[in-house]
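Encoded as structure tokens, the structure appears first; notes follow it.
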Amino acid sequence: MCQAPVEIEAGLAEKANCPDVYKVYWYLNSVGMRYLCRMKLIDTHTHLYLEEFEPDRAEIIGRAVAAGVDIMMLPNIDSSSLEPMLMLAEDFPGNCFPMIGLHPTSVKENYRDELALVEKMLQAKNFFGIGECGIDLYWDKTFAREQEYVFRHHIELAAGSGLPLVIHIRESFNEVIRILKEVNNPDLKGIFHCFSGSVEQAKQATGLGFSLGLGGVITFKNNKMQETLKHIDLKHLVLETDAPFLAPVPYRGKRNEPAYIPLIAEKVAEITGTAVEEIAEATSRNAMRLFFPEGKA
Ligand code: NI
């Protein structure tokens with residue numbers, strides 16, 4: 001068992017012959033020996049293409065890579081976010097990977113046109129996931145029926161393409177589970193984005209073959225996910241920021257960014273009593289298996 005990082009030294013990466021600029025920590029192991037750890041992390045959910053990041057996007061990606069977060073998965077929102085998302089993926093081909101989908105809060109009167117565009121894009125370009133999709137009953141229930149229709153359509157697209165689903169479940173966990181059970185396709189895989197439910201709910205989701213996305217919320221005081229987490233196997237977890245939203249402590253309320261993933265990993269390590277590098281390794285492996293089952297090009 002090792003403890004939290006005790007110091008970060010300048011020039012350590014060079015000394016350890018690490019060619020990359022990853023975050024390097026010294027850890028104390030059980031017998032008090034210092035050893036070196038280079039964490040590699042994946043942000044499975046970031047909206048870096050949004051205008052909040054317009055002024056300093058390249059610096060943000062630089063900070064993420066320096067923090068060990070060299071893979072950033074980009075869930076789409078709707079037709080308005082498509083072009084900036086694809087441009088970002090084109091500008092940072094080794095770091096930013098786009099998904100295609102229609103966010104449930106963007107399901108409005110024109111949902112058929114939006115859905116047609118999602119389908120057209122999926123045929124035309126290379127995407128790494130279907131999302132962000134799902135159901136949101138928190139903001140507006142006006143289009144609840146249409147949201148379900150659109151979500152079911154995304155499930156079909158995931159089944160047809162073999163891509164993972166990235167599912168938004170705000171105030172809609174039971175609806176999402178009901179739909180996935182009705183569809184009953186054991187080949188489906190993906191992430192319950194921003195999961196913060198009970199142990200029972202976690203088991204329902206993982207029982208259907210889905211992973212749980214953990215973000216900044218896990219660092220907030222008194223959130224019930226901290227207790228749930230103690231009962232969940234690491235093999236079901238992936239990390240995410242949902243940037244620019246939901247920044248972890250100590251940046252709560254500020255703009256979130258992928259470089260904060262280590263803060264989430266450290267909190268998960270603390271709660272589960274696991275070494276942080278083990279959290280990094282497990283969550284990265286889980287994310288790779290989902291998004292790059294044949295390895296990263
Ligand atoms: Ni999102």
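Laboratory data are not the source of any read-out in this text; all were calculated from the coordinates shown. All of these numbers come straight from a predicted model, not from anything done at the bench. Counting neighbours? That spans all protein chains shown, and the Cβs are built from the backbone with ideal geometry, glycine included.
Remark: the stretch 112-248 is approximated by an ellipsoid whose semi-axes, taken from the C-alpha gyration tensor as √(5λ), come to 25, 16, 15 Å, largest first.
Around TYR111, under 10 Å between beta carbons, what's the net of Lys plus Arg minus Asp minus Glu among the other residues? Could the numbers behind the result be given before it?
Details: positive: LYS108, ARG112; negative: ASP78, GLU109, ASP113, GLU114, GLU146.
For residues surrounding TYR111, the net value is -3.
Seen against the Cα atoms of the chain and their longest principal axis, helix 144-161 is set at about 70 degrees. Please compute the Kirkwood hydrodynamic radius over the chain, one decimal place, Å, based on all pairs of different Cα atoms. About 19.5 Å for the chain.
Distance between the modelled labels on ASP113 and LYS230, one decimal in nanometres: 5.2 nm (7 Å Cα→Cβ projection).
For the chain, the longest principal axis of the C-alpha atoms and the axis of helix 173-183 are separated by about 70°.
The chain: longest stretch without exposed chymotrypsin sites (Phe, Trp or Tyr not before Pro) (DSSP loop, at most 13 other Cβ within 10 Å), sites themselves excluded? Please list the in-between numbers first.
Values: sites that count: TYR138, TRP139.
Result for the longest clean stretch: 140-297.
Helical content of the chain, expressed as a calculated mean residue ellipticity at 222 nm, amounts to -11500 deg cm²/dmol (DSSP H runs of 4 or more residues, -39,500 (n - 2.57) each, divided by residue number, nearest 500). Shown here for the stretch 182-250: trypsin sites (Lys or Arg not before Pro) in loop regions (DSSP other than H, G, I, E, B) with at most 12 other Cβ atoms within 10 Å, namely LYS221, LYS224, LYS230. Helix 79-91 axis versus longest C-alpha principal axis of the chain: approximately 40°, rounded to the nearest ten.
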